[in-house]
Amino acid sequence: MKENLVIVESPAKAKTIEKFLGDDFMVRSSFGHIRDLSKKDLGIHIDRNFTPLYEIPADKKKLVDELTKLAKSKTVWLASDEDREGEAIAWHLTEVLGLPVDKTKRIVFHEITKRAILEAIEKPRTVDMNLVNAQQARRILDRLVGFELSPVLWKKVRPSLSAGRVQSVAVRLLVEREREIIAFRTTPYFRVVAQFHPVDDEKAIFKAELSNRFETREQAEQFLQRCVGAEFSVVKSEEKPAQRFPAAPFTTSTLQQEAGRKLGMSVSQIMSVAQHLYEQGLITYMRTDSVNLSQQALVQCKEEITKLFGEKYSAWRTYKTKTKGAQEAHEAIRPSYIERHTIEGTSAEKRLYDLIWKRTVASQMVAAELDRTTVVIEDDKHTAQFTATGEVIRFDGFLRLDTSDGGDDETSAETTEGLLPKMKAGDRVESDQITATERFTQAPARYNEASLVKRLEELGIGRPSTYAPTITTIINRGYVVKQNKEGQKRPYVQLTLGASGKITAKNLSENWGKEKNRLQPTDIGMMVNDYLELQFGPILDYNFTASVEKEFDRIAEGEITWPAMIENFYGPFHKMVDSAIETQNAKVMQIRILGADPKSGRTVKARIGRYGPMVEIEAPEGEKPRYASLKKGQLIESITLEEALELFALPRTVGEFEGEEMVIGIGRYGAYVRHGKSFASLDRSDDPYTITAERAQELVVRQRERAAAAQTPLKSFEADPDMLVKNGRYGPYIAYKGKNYRLPKGKTPEELTLEECLEIVAKSKK
């Protein structure tokens, strides 16, 4: 008989751990939290020192009964994750199963390997109530904020809205960035780049950039004219050795950023895949803010690097975690077995594991050795100064394995890298051509998930483990959209001074404004943000939100009690709620006057309508105004009069088919083509403003065929003509005597017999 019961959070984790323990151990899963705050009312007794009211969800009661029976006859080991959430799960288990919290064995491990599991069994501890209290404080505080803020939004802004402590601050970041973009005005300038070579070596061509830029084409042309016949020489040549060091091993935050940048994965996808890798025993625990590596991992890295590249590539390094409140006892995210270079699994699992493995091993490799050269070139009139920079890798070091630098994709450096010819001050050089290219100032880039995570971490808002649910929540609430934008053609001018002394001009074009997976606030998100900032400014303050996180850390360290922390927050917060309800009587409306319709002279405005953002042309009393929905990506705050008027192009007639007009419009459920009395939905790739008659006809025919197919039975029966098996919008079903019946799973419609159909109908009636 098995004497020991080990309880973990997930079945996958249980399966992996069970392989490492002896026959005397039984491993079961709690399937996450065993209980949570009651969903009835607030779930917190505010008048009883914020005592939480916990309840077991209905879907967990059977599991609780099973675990309770097992716990009575066995020694219980609680093996939930080692973070605050895991500690809270362990504590809830002691409460629900009736286990003494000061005697029940609690084990933690950073990796799911046989060695780590057996070591944990040898050194059990009890539940750390300081960590539990820190988690309780966060959960209670977030429930209080959401429970009290959301009704205010319903009354003062719009029904069915909600708010959260960290989520609302994240939305504020996105709104502020969007307004920076709206306020930004692009201005052109000319960037000048010259192509030189030493007088004695025509093949040694290199590029150098002018130190200043020109605001207008005329200024750029005047400069090129001054360069006609000019002689150029080197006034400074400097060569310095440099080093480039590897990045530290991954924390949760840096993994989210790097995997987002390099692999194009969302934060929630990254965490899900990392969780699978951890539960399979392939990587260490993926919720950590530490960059430490264990002594064992350091030794394994050194051995592996020496085996792969030679001893000269190995460098023993320890990293110091800079994040305040970081738990140094934890390890960074690393492979459980350094010698395992690749794994079996899904494509996402393989790519993420490869990223983690390379980052870990590279962190223990020597720095790359570089030569950086700077050459300054001046004309004989001392009116122009060009700079060329070069970088040559003398020893690749960690770059042989990993090029991660911790940067982001927000900016791109316009530098010239490569080997420059040997030159010294006084050496003459000749220009093959000098080019002045029109460029444009760029607005700040919208955040993607990786850059938003980076900014949240910089501000100390939330914790890496909360970033994924935070981003998911604000998208699901409709406050933010993640979208791609096609670039637009933009003309620019390029002026070139050739070796002949002649200046030529070219009119070129480029693609600009393209975006991929960028986060943009919606009109609703901006409206909610503005109201919350107005009424609850201190709660949305970045420093205040960061200070709350520090308070959670203090609770985890046992420095303060959680009821006292909640009391200090709740008192002022509740007063703000009362003030918001009392002082703001009218609902917030976001209405923006855009101008006058040139045809009618009537006012055109943008606002939130019943079905979302829209534009309206006002009408005299007794007449109906004209309405049009905003396109995806358009905002009330930034839409122009011209853009708004274009929206009234719908409904529009694109042609005729079978003697009936085909009319394109946008309704409650999206864009459509109306043909007679029938409607066909446009595909997502179809633009209602540009769709052709040919494409509209295709959609009409397709809809007709689908409707016909729906009416044609998949199967009928001579013995009972009323019994029909049909294919509907949501899949196959049985139609019998005016009623419809769903097919049970596993049933193939074409293979059903009359008897089986009658049986399904009979059971459905019961």
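The values are calculated or read from the model by the stated rules, or taken from the named source; none is laboratory data. What you see is a predicted model, and the numbers here were worked out from it, not measured in a lab. A quick note on method: Cβ atoms are made from the backbone with ideal geometry, for glycine too, and the neighbour counts reach across all protein chains shown.
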- Matching residues in the range 573-593 - criterion: being of a type outside the set (S, T, Y) and over 33 Å from the mean Cα position of the chain (by Cα): K575, D578, I581, E582, Q584, N585, A586, I593
- Is it fair to say W77 is in contact (Cβ under 8 Å) with a residue 60 or more places away in the chain, aromatic (F, W, Y) and in the same structural domain as D41 (by TED's automatic domain parsing)? yes
- Note on the range 720-732: residues surrounded by 11 or more Cβ atoms within 10 Å (Cβ to Cβ), of a type outside the set (A, V, I, L, M) and farther than 16 Å from A707 by Cβ are D720, P732
- Flagged in the range 591-626 as among the basic types (K, R) and either touching a residue at least 24 places away in the same chain (Cβ under 8 Å) or over 23 Å from Y479 (Cα atoms) (or both), in numbering order, are R592, K599, R602, R607, K624, R626
- Task: Collect the residues in the range 657-689 that are under 28 Å from Q483 (Cα atoms) and in a loop (DSSP other than H, G, I, E, B), keeping them in residue-number order.
- Result: R668, Y669, L682, D683, R684, S685, D686, D687, P688, Y689
- Query: Could we say that K13 is of a type in the set (D, E, K, R), assigned to a loop (DSSP other than H, G, I, E, B), in contact (Cβ under 8 Å) with a residue 40 or more places away in the chain and over 30 Å from H574 (Cα atoms) here?
  - Reply: no
- Given the conditions (1) under 38 Å from the mean Cα position of the chain (by Cα); (2) exposed (fewer than 15 other Cβ atoms within 10 Å of the Cβ), and given that T216 satisfies all but one, which numbered condition is not satisfied? (1)
- Query: Looking at the range 586-608, which of the residues that are under 22 Å from M526 (Cβ atoms) and loosely packed, with under 15 Cβ neighbours inside 10 Å is modelled with the lowest pLDDT?
  - Reply: A586
- Message: Among the residues in the range 173-181, are any at pLDDT 90 or above, over 26 Å from the mean Cα position of the chain (by Cα) and not basic (K, R)?
- Response: no
- Item | Any hit, the range 291-314, residues being among the polar types (S, T, N, Q), in contact with an Asp or Glu (Cβ under 7 Å, 6 or more places away or on another chain) and under 23 Å from P469 (Cβ atoms) | no
- Query: Can you tell me which residue in the range 1-26 is surrounded by the fewest Cβ atoms within 10 Å (Cβ to Cβ), limited to those that are of a type in the set (A, V, I, L, M, F, W, C) and under 35 Å from the mean Cα position of the chain (by Cα)?
  - Reply: A12
- Collect the residues in the range 620-639 that are over 23 Å from V528 (Cβ atoms), in a loop (DSSP other than H, G, I, E, B) and touching a strand residue (DSSP E or B) at 6+ places or on another chain (Cβ under 7 Å), keeping them in residue-number order. P625
- Reported set for the range 113-164 where residues are in a loop (DSSP other than H, G, I, E, B) and surrounded by fewer than 16 Cβ atoms within 10 Å (Cβ to Cβ) is K123, P124, T126, P159, S160
- Message: Here is a list: R106, R165, R138. Which entry is basic (K, R) and in contact with a strand residue (DSSP E or B) (Cβ under 6 Å, 6 or more places away or on another chain)?
- Response: R106
- Task: Output the number of the condition that Q280 fails; it satisfies all remaining conditions of (1) among the polar types (S, T, N, Q); (2) crowded, with 18+ Cβ neighbours inside 10 Å; (3) under 15 Å from V361 (Cβ atoms).
- Result: (3)
- Only one residue in S268, S233, S290 is of a type outside the set (V, I, T) and part of a helix (DSSP H, G or I). Which one? S268
- in the same structural domain as G595 (by TED's automatic domain parsing) and touching a Ser or Thr at 6+ places or on another chain (Cβ under 6 Å), is that true of E623? no
- Message: I'm trying to understand the selection: among the residues of the range 214-230, which are part of a loop (DSSP other than H, G, I, E, B) and in contact (Cβ under 8 Å) with a residue 60 or more places away in the chain?
- Response: V228, G229, A230
- Scan the range 503-517 and give yes if some residue there is modelled with pLDDT under 90, surrounded by fewer than 18 Cβ atoms within 10 Å (Cβ to Cβ) and charged (D, E, K, R), otherwise no. no
- Any residue at all in the range 734-750 that is touching a residue at least 24 places away in the same chain (Cβ under 8 Å), assigned to a strand (DSSP E or B) and among the hydroxyl-bearing types (S, T, Y)? yes
- Within the range 252-262, identify whether any single residue is assigned to a loop (DSSP other than H, G, I, E, B) and assigned by TED's automatic domain parsing to the domain that holds Y337, and answer yes or no. no
- Query: Are any residues in the range 191-213 crowded, with 16+ Cβ neighbours inside 10 Å and of a type in the set (A, V, I, L, M), and if so, which ones?
  - Reply: V192, V193, A194, A208, L210
- Query: Is it true that some residue in the range 72-88 is out of contact with any helix residue (DSSP H, G or I) (no Cβ under 6 Å at 6 or more places or on another chain), over 30 Å from P464 (Cβ atoms) and part of a loop (DSSP other than H, G, I, E, B)?
  - Reply: yes
